[in-house]
Amino acid sequence: MKNKGKISNGVYFLKAIELFIKQHGQFVKIPKGQRIFQMDERPTHVYYLTEGWVKIGQETENGQDITLSIRKAGELYGLAEVLANDAARMRYAMSLTEVTCYMMTTEQLHTLLTKQPILWKPLSEMIATRLIETQNFMCALTNLQVPERLAWFLQQFSTFKEGHTIVELPMTHEELSNLVGCSRQKVTSNLNAWRKANLISYERGKIEILDQQLFA
């Protein structure tokens with residue numbers, strides 16, 4: 001019971017931050033494929049995503065593009081460098097779809113946290129959870145074969161709706177291949193094989209898992 005209360009309080013305080021951003025932030029619409037913030041730029045805003053999907057990525061010195069996480073509606077992003085007081089961003093954010101979000105300045109966030117220091121704890125817990133998620137994501141990319149990797153990725157974005165397991169990720173096979181770390185042909189080949197085996201059904205932007213053995 002104690003842990004339940006702890007989680008409930010954390011969710012409550014995060015909702016309070018989201019409400020503050022909605023009340024005091026700037027509402028913006030961002031087209032698909034646009035960089036929301038860049039690596040090495042000064043972190044000036046935090047964001048609350050209301051619609052769409054955002055990729056958080058990093059570019060290595062040799063030009064390799066690494067996907068660290070995907071943010072969906074109802075999530076905060078752009079927080080890490082702000083909370084760490086870093087002078088420059090170490091990651092970039094790019095809209096995978098058309099996006100709507102609220103953006104709030106770092107000064108506004110710091111003012112809120114100064115007035116309400118109790119909010120630091122749920123924010124810290126959220127950042128820690130995301131660090132673990134990123135570690136799991138990188139582990140899957142490096143240790144699993146392509147079919148297992150693709151199945152793992154789909155599982156992370158699956159939701160159970162009216163008796164059906166649905167993956168609603170409006171991305172092309174090319175975009176999926178970039179996330180999973182393989183060729184577009186391998187993504188298409190695996191999805192076609194799973195559909196032929198009646199493990200999934202899919203159309204552009206939506207996949208239904210017909211057999212949970214896909215995740216076994």
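Treating the Cα atoms of the chain as identical point scatterers in vacuum, please give the log10 of the normalised Debye intensity I(q)/I(0) at q = 0.09, 0.16 Å⁻¹, two decimals.
Computed log10 I(q)/I(0) values: -0.41, -1.18.
Please list, in order along the range 186-203, the HN-Hα scalar couplings obtained from phi with the Karplus expression 6.51 cos²θ - 1.76 cosθ + 1.60 (θ = phi - 60°), rounded to whole Hz, x for Gly and Pro.
5, 4, 4, 4, 5, 5, 5, 5, 5, 5, 5, 8, 6, 8, 9, 10, 8, 9
Indicate the gyration tensor shape class of the range 127-216 (rounded, prolate or oblate), computed on the Cα atoms with a ≥ b ≥ c the square roots of the eigenvalues: a/c under 1.5 is rounded; otherwise a/b larger than b/c is prolate and the rest oblate. Mind dumping the intermediate values first?
Details: a/c = 1.66, a/b = 1.24, b/c = 1.34.
It comes out oblate by the Cα gyration axes.
Please report the accessible area of R42 (heavy atoms, 1.4 Å probe, ligands and nucleic acids excluded) in Å², nearest 10.
Around 150 Å² of this residue is reachable by solvent.
At 1.4 Å probe size, with no ligands or nucleic acids counted, give the accessible surface of F137 in Å², nearest ten.
About 20 Å², ignoring ligands and nucleic acids.
Using label points projected 7 Å from each Cα along Cα→Cβ, tell me how many nm separate F160 and Q23, to one decimal.
Distance between label points: 3.6 nm.
When the solvent-accessible surface of protein heavy atoms is calculated with a 1.4 angstrom probe, in what order do K29, K15 fall, highest first?
K29, K15
Once you order the gyration tensor axes a ≥ b ≥ c over the Cα atoms, which shape class does the range 27-89 get: rounded for a/c under 1.5, otherwise prolate or oblate by comparing a/b with b/c? Let's see the in-between values first.
On the way: a/c = 1.79, a/b = 1.21, b/c = 1.48.
It is oblate, given that a/c is not under 1.5 and a/b is not larger than b/c.
Measure up K121/K186; K22/K161; K29/K161; K22/K55 against 31 Å on the Cα-Cα distance and list the ones that go over.
K121/K186
Working with all protein chains in place, sort M104, M138, M126 by solvent-accessible area computed with a 1.4 Å probe, largest first.
Values: M104 0, M138 60, M126 30 Å².
Descending accessible area places them as M138, M126, M104.
Quick query: amide H of W53 versus all other amide H atoms, modeled in the peptide plane; which residues come in under 5 Å with a sequence gap of 5 or more or a different chain?
Amide H neighbours of W53, under 5 Å, 5+ apart: L96, T97.
Tilt of helix 2-24 relative to the longest C-alpha principal axis of the chain, in degrees (0 to 90, nearest 10)?
70
When only the heavy atoms of the protein chains count and the probe is 1.4 Å, how do D40, D211 rank by accessible area, highest first?
Values: D40 125, D211 55 Å².
So the residues, ranked largest to smallest area, are D40, D211.
Full-extension gain between Q213 and R195, please, as 0.36 nm times their residue separation minus the C-alpha to C-alpha distance.
Details: separation 18, 0.36 × 18 = 6.48 nm, distance 1.30 nm.
Extra length available between Q213 and R195 comes to 5.2 nm.
Taking the Kirkwood radius as the inverse of the mean 1/r across Cα pairs, report the Rg/Rh of the range 57-181.
0.99
Are there GluC sites (Glu not before Pro) in the range 118-200 that DSSP marks as loop and that have at most 10 other Cβ atoms within 10 Å, and which are they?
In loop regions of the range 118-200 (DSSP not H, G, I, E or B), the sparsely surrounded GluC sites (Glu not before Pro) are E162.
The values are calculated or read from the model by the stated rules, or taken from the named source; none is laboratory data. The structure displayed is predicted, hence computed values, not measured ones. Note: ideal-geometry Cβ built from the backbone for every residue, glycine included; neighbour counts use all protein chains shown. Accessible surface areas use protein heavy atoms only, side chains included; no ligands, DNA or RNA. Shrake-Rupley method; radii C 1.70, N 1.55, O 1.52, S 1.80 Å.
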